[in-house]
Amino acid sequence: MLIKLNALILGFIFLFVTPLMASDGVDSNQSDQFIGTHTARVIVPRAIVYSDENMNSPLGYISNDKLITVGNPRKRNPELVPIVVYGRLGFIESKNIHFENESIEILNSKRGAPREHNIDIVLTKPEERLSENNSAYFSLHQFSAGEETKNLVSSIDGSSKDHFTGFGISLIHRQTTGRALWGAGYEYNALSTPTVKFTIYTLNPTVGYTPIRNPLFLVDLIFSLDFSISAQLKIQSINQSSAFAWGPQFGARMVLFPNQKYHPFGGIGYRSYKVMRLDSLLDDNGTNVGAITKINGINLNIGFAIEI
């Protein structure tokens, strides 16, 4: 009797929070399949339960193979189905569950499987495991070399080139229930003219925060403290002293389709590096042609990410 009463109460709640499919022109035979509550089984290792339809606030997860009770697919977002969590309405992605038919439900009940949804038992707070919720970001970027490098290139061969270009790869871990992220990356940066070649290889420990996230896009605010593992400057035929560069990089990026396996992104930011050991630069004639003590300017980047 208690089981039937619980199902009746949940069904009554879902009728108010979930639009009936029959109202969208679905015939009566089809609409009967969506009215009331439905038994479903979780088919992924961790099915996240969200407190809102934009999937901005995870409440926790339900483990694989658990039987749960859900409502009708949402009219506005058919990829979500409602679920009652601690007496309040939550949402779970339909791709993470399989609707059980009546015969399977009866069979499972005879085997001792859960006969009713008990969110207090099956909902578990996500753990922050470094092996999960990770992404690899591949990027192409360009950033200003600063006034000192610009003046050096201009005085040596008259070129107006004043920016570095390069590529990078970074591994990012996002918190399951929070908005924080962290990781590390590697970059190759180069400025090349007929007589000046400047290359910098950097490591980039990174932290960030995601203030905006929805199924269409997310926005990350990123900060990293970069340092070079190698920095080489060649003027004409003279290799200058091995340099060392370090400093902060911060900016923002927009990632499209963050819930998919692959998602493109683009960003803008600012770099400010202090450069050491390049305070006396010589050309082929042994003439001092200036110094480079800092690199700073606007940074632009585009690329794509892969969930791993």
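The values are calculated or read from the model by the stated rules, or taken from the named source; none is laboratory data. Small disclaimer: the values here were computed from a predicted structure and weren't measured. All Cβ positions, glycine included, derive from the backbone under ideal geometry; neighbour counts span all protein chains shown.
Among the residues making up the range 274-308, those that are at pLDDT below 90 and under 20 Å from the mean Cα position of the chain (by Cα) are GLU307, ILE308. Against the list (1) within 22 Å of the chain's Cα centre (by Cα); (2) part of a loop (DSSP other than H, G, I, E, B), the condition ARG253 fails is (2). In the set (1) aliphatic (A, V, I, L, M); (2) buried (at least 17 other Cβ atoms within 10 Å of the Cβ); (3) without any contact (Cβ under 8 Å) to a residue 60 or more places away in the chain, the condition left unmet by LEU152 is number (3).
Looking only at residues that are outside any strand (DSSP E or B) and free of Cβ contacts under 8 Å to residues at least 40 places away in the same chain in the range 214-242, which one is surrounded by the fewest Cβ atoms within 10 Å (Cβ to Cβ)? Break it down stepwise before answering.
Of the residues in the range 214-242, the ones outside any strand (DSSP E or B) are 214-216, 236-237, 240-242.
Applying the additional criterion that residues be free of Cβ contacts under 8 Å to residues at least 40 places away in the same chain yields 241-242.
Details: SER241: 15, SER242: 13.
Going through the qualifying residues, I end up with SER242.
Checking each residue of the range 65-83 against the condition of being buried (at least 18 other Cβ atoms within 10 Å of the Cβ), modelled with pLDDT under 80 and among the aliphatic types (A, V, I, L, M) gives no match. In the range 162-198, the residue that is farthest from VAL49 (Cα to Cα) out of those that are over 27 Å from the mean Cα position of the chain (by Cα) and hydroxyl-bearing (Ser, Thr, Tyr) is THR195. Screening THR210, THR176 for residues that are at pLDDT below 95 and not in a strand (DSSP E or B) leaves exactly one candidate, THR176. Just one of the listed residues (SER139, SER170, SER160, SER155) is assigned to a loop (DSSP other than H, G, I, E, B) and assigned by TED's automatic domain parsing to the domain that holds MET254, and it is SER160.
Does LEU256 satisfy being in contact (Cβ under 8 Å) with a residue 12 or more places away in the chain and more than 29 Å from VAL207 (Cβ to Cβ)? Here the answer is no, as LEU256 does not meet what is asked. Scanning the range 204-231 for residues that are over 20 Å from the mean Cα position of the chain (by Cα) and closer than 20 Å to HIS173 by Cα yields a single hit, ASP226.
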